[in-house]
1. Could you provide, to the nearest whole Å², the per residue accessible area of the range 12-105 with probe 1.4 Å?
2. Which entries in K45/K91; K45/K92; K35/K67; K67/K92 show an alpha-carbon gap greater than 28 Å?
3. To make sure I understand the rule: partners must be aspartates and glutamates, Cα under 12 Å from the Cα of K96, and not fewer than 8 residues away in the same chain. Which ones qualify?
4. Using 0.36 nm per residue of separation minus the Cα-Cα distance, give me the extension gain between K32 and A20 in nm, one decimal.
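The values are calculated or read from the model by the stated rules, or taken from the named source; none is laboratory data. Remember, it's a predicted structure, so these values are computed and weren't measured experimentally. All accessible areas refer to the heavy atoms of the entire protein, side chains included, with ligands and DNA or RNA removed. Shrake-Rupley method; radii C 1.70, N 1.55, O 1.52, S 1.80 Å.
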Amino acid sequence: HCVSLSSYANVKKCSNEGRALMQLDFQQFLMKLEKLTDIRPIPDKEFVETYIKAYYLTENDMERWIKEHREYSTKQLTNLVNVCLGSHINKKARQKLLAAIDDIDRPKR
């Protein structure tokens, strides 16, 4: 998928201002990319946008979002939980979300 998702998926800390800057940076990236190519729509644009928007989810919405978005890797989902919710949820809630990611990653028996 798009190289820019790797950047967002490797974020170590994210404030509210940082979330807004992610969206602004991505929009700037898209505008410049659209000037360089005639390809429309830009490949994987929605994939990255959806991931960035997930940084705004609450703890309650995140578990459902994780289960509905299996297109993201375990690493991407784990980082989303640890960075986006890590500072304002308790350890038990974080473990519950990480367990939901593990359940998706495990092969069905």
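1. Numbers: 6060 Å² over 94 residues.
Normalised by residue count, the accessible surface of the range 12-105 is 64 Å².
2. On the way: K45/K91 33 Å; K45/K92 34 Å; K35/K67 36 Å; K67/K92 18 Å.
Correct reply: K45/K91; K45/K92; K35/K67.
3. E59, E63
4. Numbers: separation 12, 0.36 × 12 = 4.32 nm, distance 1.87 nm.
Here the answer is 2.4 nm.
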